[in-house]
1. Exactly one condition in (1) closer than 23 Å to Glu257 by Cα; (2) in contact (Cβ under 8 Å) with a residue 60 or more places away in the chain; (3) within 16 Å of the chain's Cα centre (by Cα) is false for Val203; which is it?
2. Only one residue in Gly48, Gly112 is surrounded by 15 or more Cβ atoms within 10 Å (Cβ to Cβ) and either touching a residue at least 24 places away in the same chain (Cβ under 8 Å) or not aromatic (Phe, Trp, Tyr) (or both), so which one is that?
3. Does Ala174 qualify as being farther than 30 Å from Ala71 by Cα, touching a residue at least 60 places away in the same chain (Cβ under 8 Å) and buried (at least 16 other Cβ atoms within 10 Å of the Cβ)?
4. Could you look through the range 80-108, keep only residues that are closer than 22 Å to Gly30 by Cβ, out of contact with any helix residue (DSSP H, G or I) (no Cβ under 8 Å at 6 or more places or on another chain) and in a strand (DSSP E or B), and pick out the one that is most open to solvent (accessible area, probe 1.4 Å)?
5. Counting only residues that are polar (S, T, N, Q) and modelled with pLDDT of 95 or more, which one in the range 1-48 is farthest from Gly111 (Cα to Cα)?
6. Quick check on this structure: which one of Leu138, Leu204, Leu220, Leu161 is touching a strand residue (DSSP E or B) at 6+ places or on another chain (Cβ under 9 Å), among the hydrophobic types (A, V, I, L, M, F, W, C) and in a helix (DSSP H, G or I)?
7. Ala222 versus (1) of a type outside the set (Phe, Trp, Tyr); (2) within 20 Å of Asn186 (Cβ to Cβ); (3) touching a residue at least 24 places away in the same chain (Cβ under 8 Å): which is the lone unmet condition?
8. Give me the residue from the range 177-190 that is not aromatic (Phe, Trp, Tyr) and not in a helix (DSSP H, G or I) and, out of that set, least open to solvent (accessible area, probe 1.4 Å).
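The values are calculated or read from the model by the stated rules, or taken from the named source; none is laboratory data. Fair warning: this is a prediction, and the values are worked out from it, not measured in the lab. All Cβ positions, even for glycine, are placed from backbone atoms using ideal geometry, and neighbour counts span all protein chains on display. Just so you know, the surface numbers come from the protein's heavy atoms only, side chains and all, with ligands and any DNA or RNA stripped out. Shrake-Rupley method; radii C 1.70, N 1.55, O 1.52, S 1.80 Å.
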Amino acid sequence: MNAKKSLFSLCLSLGALVLTQPGYAALCPGEQQIGLSFEGQQLDRWTGTSASMRTYTLANGFVLGLKVEQAPREIYARDFARSPETQPEWVKISIYDASSKQPRYLTSTYGGSNSEQGYSARGGADRVDELGSKGIKLSLRKPECQITQADLATIPTEKELAQVKEHPVATAQAQRWIAQAKEDINKGKYVISYHQGSLPENVLARLTSLLQKDGIEIQLIAEGDKRNSKDYFTGYGRTMFDAIQARFGAEHLRNIELQLKQEYKS
């Protein structure tokens, strides 16, 4: 075996060791089952999470790139910082436009390993306009597993899983929305946007009153509104939210979130 092949084999072995380390396997035993459908039609079924991208040419002509990976330790740690309650096992789902040699990253979300996750132009786990109004659905099945803070050390980190933070390339329209957001921010205007009907009226009213104390407006986006687009939410919405976090602090926003959860516990 030559040196190059030996090194390649060693890298593969180390990668497999990280993904199947005994502590994590014992923590959440069982195989991850994944089903993919588009507009209600079954496309594929497979077993196991992986960093490898699967590609599918959908009936609407869009070439979908899809990864379903193990969620890293950082995601659990982030959520434990918000609440000490146990969490379900998560997977990381990433979606790409794979129509060119270099796939274009669109979004990543985290969903329960035993859950249904949808993506479409109408929303779901995230809005992906390229998938059309009905979009795709991922059916995730695995024995239920609850994660506690004591389990964190057994879960691989992003570095150990070789995961990197990817960012979507902004379209020309998104760039225009970013410029508009920056203009409003320079004027001292802060806005958080929600789809109309996405929050119960009583929660929306309470959230409005809490944010008004900081001079933050809530803006509701209706179905036919020109702002009802991925470009708006990734351009204007994300730029605004980043500015609000920088101005008022992520902890302050988390405290508002926790206050609402406490007040409206079902």
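1. (3)
2. Criteria check complete, one pass: Gly112.
3. no
4. Pro88
5. Gln42
6. Leu204
7. (2)
8. Gly188
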